[in-house]
1. Does residue 40 satisfy the criteria of being in a loop (DSSP other than H, G, I, E, B) and buried (at least 19 other Cβ atoms within 10 Å of the Cβ)?
2. Find all pairs meeting these conditions: Cβ atoms under 6 angstrom apart; at least six residues apart or on different chains; first residue within region 1-15 and closer than 20 Å to residue 41 by Cα; second residue in a loop (DSSP other than H, G, I, E, B).
3. If I filter region 8-31 down to residues being in a loop (DSSP other than H, G, I, E, B) and surrounded by 18 or more Cβ atoms within 10 Å (Cβ to Cβ), which single residue comes out as farthest from the ligand (Cβ to nearest atom)?
Ligand code: SF4
């Protein structure tokens, strides 16, 4: 499963980040949510679906398949929740390259 945030829709409430800080983060400059994992670990998939359903502006889209139209499956294994949080923290120290559509 993958998840994306429509950054044009995001209302910057931060709800998804509070719920799943290892999966979502907010850009420092404007508070728009971004996704910081390539694929959603199995253990977090139900929580991500719930976060998507609770987004007040429906900006979170869940993609059930790891491979989209014409895309190859993601080769890297999904990080654990702890690895996801660490990756988010690393990326926040070195921003850039994330457009919310990982
Ligand atoms: S819950 Fe929705 S509106 Fe709030 S930060 Fe996340 S994506 Fe943006």
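None of the figures in this text is laboratory data; all of them are computed from the coordinates on show. Small disclaimer: the values here were computed from a predicted structure and weren't measured. A quick note on method: Cβ atoms are made from the backbone with ideal geometry, for glycine too, and the neighbour counts reach across all protein chains shown.
1. Values: in a loop (DSSP other than H, G, I, E, B): yes; buried (at least 19 other Cβ atoms within 10 Å of the Cβ): yes.
Yes; evaluated as a whole, the condition is true for this residue.
2. Hits for this filter: 1/40; 1/64; 2/39; 3/40; 4/101; 5/59; 5/100.
3. The extreme case among them is 22.
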